[in-house]
1. Might you let me know whether segment 64-81 holds any residue that is closer than 26 Å to E28 by Cβ and in a helix (DSSP H, G or I)?
2. Take G87 and tell me if it is at positive phi, in contact with a strand residue (DSSP E or B) (Cβ under 8 Å, 6 or more places away or on another chain) and not aliphatic (A, V, I, L, M).
3. State which residue is surrounded by the most Cβ atoms within 10 Å (Cβ to Cβ) when the search covers only segment 28-63 and only residues that are within 9 Å of the chain's Cα centre (by Cα) and assigned to a helix (DSSP H, G or I).
4. Using beta carbons and a limit of 7 Å, which pairs, at least six apart or on different chains, have the first residue in segment 17-29 and closer than 14 Å to V63 by Cβ and the second one small (G, A, S)?
5. Filtering segment 48-87 down to residues that are of a type in the set (S, T, Y) and in contact (Cβ under 8 Å) with a residue 40 or more places away in the chain, which residue is nearest to A154 (Cα to Cα)?
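Here, each number is a calculation from the coordinates, and none is a lab measurement. Predicted model, so just to flag it, every value in this text is computed and none were measured. FYI the Cβ positions are ideal-geometry reconstructions off the backbone, even for glycines, and counts take in every protein chain you see.
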Amino acid sequence: MIWIVLLMAQAAVPSQTDRGQAIFMDAEKGCVSCHMVKGKGTAVGPDVTGIGRLAPAAIAMGVRSTATQYVQNVKLKSGESFPAMPGKKDEKGLPLYDLSKMPPELHVVQQSDIASMTGNDKWKHPPATGKLTDQEIADVIAYIRYAATGTKKAVTADEVK
């Protein structure tokens, strides 16, 4: 009888991958506003499914990364300016994801409406601004690894420091 109670209690506690998925999918605090995993999310930034086979420390480095090589400072001729992740130009124009908004806001502009577009060294990857604890980062990494491999394996906060 006691084992039934223990199993029920264990089932009531969310697993690390469940916690990680909840954080990843959270529109304000999570990753889904910019990233995809297994086809779910937004393709502003890279699809993170591919990094799921890396060691937790390597994934944590990417989470905390402030690399801005793809982010551009965009100034429109209208006077509006914002940090943007450019997409692939098509017949409708150039898609620019405004990273000052959360979730990033899509602007499709014509090249002739852009006054300037230069590299950005001020924009920071949101997790790098300290919004997530080490344990929350470990939970997100456990979820990414599970989504990529199908295997649930615990990730400790010490592995991501």
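1. Yes, segment 64-81 has at least one match.
2. Numbers: at positive phi: no; in contact with a strand residue (DSSP E or B) (Cβ under 8 Å, 6 or more places away or on another chain): yes; not aliphatic (A, V, I, L, M): yes.
So G87 does not fit the description; no.
3. Of everything passing the filter in segment 28-63, V48 is surrounded by the most Cβ atoms within 10 Å (Cβ to Cβ).
4. Short answer, once both residue conditions are applied: G20/A142; I23/G30; F24/G30.
5. Our first condition is that a residue be of a type in the set (S, T, Y); within segment 48-87, this holds for 49, 65-66, 68, 70, 78, 81.
Retained after the next criterion (residues that are in contact (Cβ under 8 Å) with a residue 40 or more places away in the chain): 49, 65-66, 68.
Values: T49: 17, S65: 22, T66: 26, T68: 30 Å.
Ranking the candidates gives T49 first.
Matching residues to (1) part of a strand (DSSP E or B); (2) touching a residue at least 40 places away in the same chain (Cβ under 8 Å); (3) closer than 20 Å to M61 by Cα:
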| site | (1), (2), (3) |
| --- | --- |
| S112 | no, no, no |
| T118 | yes, yes, no |
| D121 | no, yes, yes |
| L132 | no, yes, yes |
| E136 | no, yes, yes |
| I144 | no, yes, yes |
